[in-house]
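Below you'll find the structure, written out as structure tokens, and then a few comments.
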Amino acid sequence: MTLLITNANQLITLASASKKARTGKEMTELNIIENGSLLIEEDRIVAVGTKEELQEQHPELMEKAEILDATGSVVMPGLVDAHTHLVFGGTRENEFQMRLNGATYMEIMNAGGGIHATTKKTRESSFNHLYEKTYAHLNDFLRHGITTVEAKSGYGLNWETEEKQLQVAKKLQENHTIDVVRTFMGAHAVPAEYKENPDAFVDLIVNEMIPKVAELGLAEFNDVFCEKGVFTPEQSRRILLAGKEHGLIPKIHADEIEPYEGAELAAEVGAISAEHLLVASDKGIQAMAQAGTVAVLLPGTAFFLKAASARGRLMVDEGVPVAISTDFNPGSSPTISLPFIMNLACMNMGMTMEEVLTATTINAAYAINRGNEIGSLESGKKADVLILNVENYQQLQYFYGMNHTKTVVKNGKVVVDNGVIIDGLQKSTN
């Protein structure tokens, strides 16, 4: 199939000669083509430019192309959500009420809520129940223009349930239009049965879980919650290095509640990303900049927990490559609206409209090791494209809290039109 998207008010390509996540002023360079067009063959982008340029370069393809008219609209790469806890059982609206009454995240968790509450529900949920529930969430992501998501496990804290979460995510990758990139996070919390001996749980993760994940090909990344009262920097280092030995790329939940040298550890072990970073130290930020570790910032989590946001403005200025994500999860960020999260990044972290577009496309792609395939509209890349109901990219943040996605093209096929999913998404657990 050949597809021509044409007459866009603005075609935001984010094209660059750089082959790594953007930093500093690079994050403001959107590379916009006015009255732009995009030519797609099968699942790949053939060329971008004006209609006249494409006609001159590819006359035969242009002649047979199906046309999508983007007059009056913005065209941009599909959004990439680089940090979610996608597969989970239950909900935790009761904890929202507790926080409104003054309880803190760690107080709720230490009282048996938080991650432990979701762990109980996820352990009790069947594979099919988790699959159907998560499939519905992915449909919502797709309607909001997200074409790739990262999915962490971590609500099992035992092998049986961690494997179940990852197998659900794997089946969704096979059956759903959205690409689902898998991260093993057995080290999300210390389960109640190991509360008095957390090192024994670390032994279980290192000696049994990680080798099985690698052997079964269930995940590409390995994550750990390095936080006071959860996993120490020493325990986290051991878990991340064990993952590297088995071919799993390290990620880290770092410095969310208290400064705990998580950002420094991310740089030390060569983590592809460090995430949260609400209270990361100046030293840690500088170390990440030197290492090229992507900071995946989650302003929706700070918003929902009524906490101060990460220092996104400082990180960009210090040369850290920054990505933005929903952190979709049932406790601290129950939202799939990455467009709203982009607005929070502008309002609460001091990032510019241009920077948040970079942070949710090409930089988010590099945070999940996909920067060579997605995140920008360039010849040879996957044809994941959005047509948005706005006249220019500034309106994406000006009209906040709204879904501006009109059309979603995934792998060269129109899958959402006027907010309706139209392309035969499978729904099977077979």
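The values are calculated or read from the model by the stated rules, or taken from the named source; none is laboratory data. Since we're looking at a predicted model, the values are computed, not measured. Cβ atoms come from the backbone with ideal geometry, glycine included; neighbour counts cover every protein chain shown. We work out accessible area using only protein heavy atoms, side chains counted, and drop any ligands, DNA or RNA first. Shrake-Rupley method; radii C 1.70, N 1.55, O 1.52, S 1.80 Å.
One table, with the values for the structure above:
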read-out	value
Local electrostatic count, Asn101, Cβ distance below 14 Å [Lys/Arg +1, Asp/Glu -1]	-1
Candidates Pro330, Pro233, Pro59, ranked by Gaussian network fluctuation over the chain, Cα under 10 Å, top entry	Pro59
Hz values of 3J(HN,Hα) by residue in segment 140-155 - Karplus curve (6.51, -1.76, 1.60), Gly and Pro given as x	5, 4, 4, 5, 8, x, 8, 10, 9, 10, 8, 10, 9, 7, x, 10
Check: the chain dipole with +1 on Lys, Arg Cβ and -1 on Asp, Glu Cβ, in debye	600
Among Asn94, Val48, Ser37 the positive-end extreme of the charge dipole of segment 1-116 (Cβ point charges)	Asn94
Full-stretch length increase - Asn372, Asn128 - with 0.36 nm per residue and alpha-carbon distance subtracted	84.5 nm
Percent antiparallel among DSSP beta bridges (both partners in the chain, rounded to 5)	50
Fraction of alpha-carbon pairs over 27 Å apart in the chain - percent	49
Protein-only accessible surface order, largest first, of Lys64, Lys251, Lys170, Lys25 at 1.4 Å	Lys25, Lys64, Lys170, Lys251
Note, ³J(HN,Hα) from phi for segment 115-123, Karplus 6.51, -1.76, 1.60, rounded to Hz, x at Gly and Pro	4, 5, 5, 5, 4, 4, 5, 6, 4
Calculated from backbone phi, Karplus (6.51, -1.76, 1.60) coupling profile of segment 95-106 in Hz, x at Gly/Pro	6, 4, 5, 4, 5, 4, 8, x, 6, 8, 4, 5
Test item: Cα-centred dipole of segment 63-107, Lys/Arg +1 and Asp/Glu -1 on Cβ, debye	180
Among the listed pairs Lys120/Lys382; Lys133/Lys212; Lys171/Lys244; Lys51/Lys152; Lys251/Lys410; Lys120/Lys381, those beyond 30 Å (Cα-Cα)	Lys120/Lys382; Lys51/Lys152; Lys120/Lys381
Antiparallel DSSP beta bridges within segment 265-419, as percent of all bridges there, nearest 5	60
Total charge dipole magnitude, segment 153-253, about the Cα centre, Cβ charges on Lys, Arg, Asp, Glu only, Debye to nearest 20	240
Length gained when the stretch Asn197-Leu314 is fully extended (0.36 nm per residue, less Cα-Cα span)	38.3 nm
